[in-house]
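Here's the structure we're looking at; comments come further down.
The values are calculated or read from the model by the stated rules, or taken from the named source; none is laboratory data. What you see is a predicted model; the values in this text were computed from it and never measured. Here Cβ is always computed from backbone atoms with ideal geometry, including for glycine, and neighbour counts include all displayed protein chains. Note: areas computed on protein heavy atoms with side chains; ligands, DNA, RNA excluded. Shrake-Rupley method; radii C 1.70, N 1.55, O 1.52, S 1.80 Å.
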Amino acid sequence: MNNNTANEAQILWQDYIRKPAFKKRLAIGNFRVEPPADYQNIEVFISKMAGHDFDSAKPGLKAVMTPAAFSKLCDAYRAYTYKLRHGRKNVSLSAETLARLKPIASRLGLQEPGQGIDGGLDNLLYYLTSPEEQDSVQPHLTALARDKDWPQPTPMLKPEIWLSLLKQRLPAPEQNLLLQVLEKAFTQGWQAREQAKTPQKLQQLKNDAKIIKAFHGENKGKPAKV
């Protein structure tokens, strides 16, 4: 290992042990017995690791950590360095979006050997956003949408998300018309509140208010982690 490679390895390890995710790995349950004093305080542990890279730190960690915890640490660190060296980033997608992307990546044969569907999604997103591929993107997607033999997952989205998607497809005059319809329905609901003040009715009115806010772009659904 040359000096540059050794320095890089040390920097990667020193950065990693300062991550909140690593600090959680020093929990008592991850040790064979009560952890040594220099493992119980993260700042003391960082000082102990001065001048080390992961390879030189492994023997000491393996000696005190449970086999399962040590194995998970090795896997997590390999994933961490791989992402940094290859420009990878974690992203969050809703389960519904993931369900729609997977068959497209599979159908187009975009998976890389050994990377499974995750590699396929990375390639798919690059393909869909690449300027030089735009001439072929739409025909492929259109062909997939029209293929009756290919499963078309229907996402189970919340009403406010469906409404937001609908809004994006409508011209401005039609957006205004739809908004007026929603506001009128909402106003009628509040007027009916005096005639029916049951908890169920009140909850429905609150839900309707969320939908109108979503249409205004004030309340966007959060994507789920994958």
Practice problem: Kindly indicate whether any position in the range 47-63 is under 20 Å from residue 13 (Cα atoms), in contact with an Asp or Glu (Cβ under 7 Å, 6 or more places away or on another chain) and of a type in the set (A, V, I, L, M). | Solution: no
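Among 68, 79, which is the only one that is open to solvent by less than 80 Å² (accessible area, probe 1.4 Å), in contact with a helix residue (DSSP H, G or I) (Cβ under 9 Å, 6 or more places away or on another chain) and outside any loop (DSSP other than H, G, I, E, B)? Let's see the steps before the verdict.
Details: 79 fails: in contact with a helix residue (DSSP H, G or I) (Cβ under 9 Å, 6 or more places away or on another chain).
Every option except 68 fails the conditions.
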Exercise. Hey, can you tell me all the residues within the range 24-82 that are among the charged types (D, E, K, R) and out of contact with any strand residue (DSSP E or B) (no Cβ under 9 Å at 6 or more places or on another chain)?
Key: 24, 34, 38, 43, 48, 53, 55, 58, 62, 72, 75, 78
Quiz item: Counting just the residues of the range 55-111 that are charged (D, E, K, R) and more than 18 Å from the chain's Cα centre (by Cα), which one comes out farthest from residue 36 (Cα to Cα)?
Solution: 107
Quiz item: Taking the condition within 30 Å of residue 147 (Cα to Cα) and either in a helix (DSSP H, G or I) or at pLDDT 85 or above (or both), does residue 105 pass?
Solution: yes
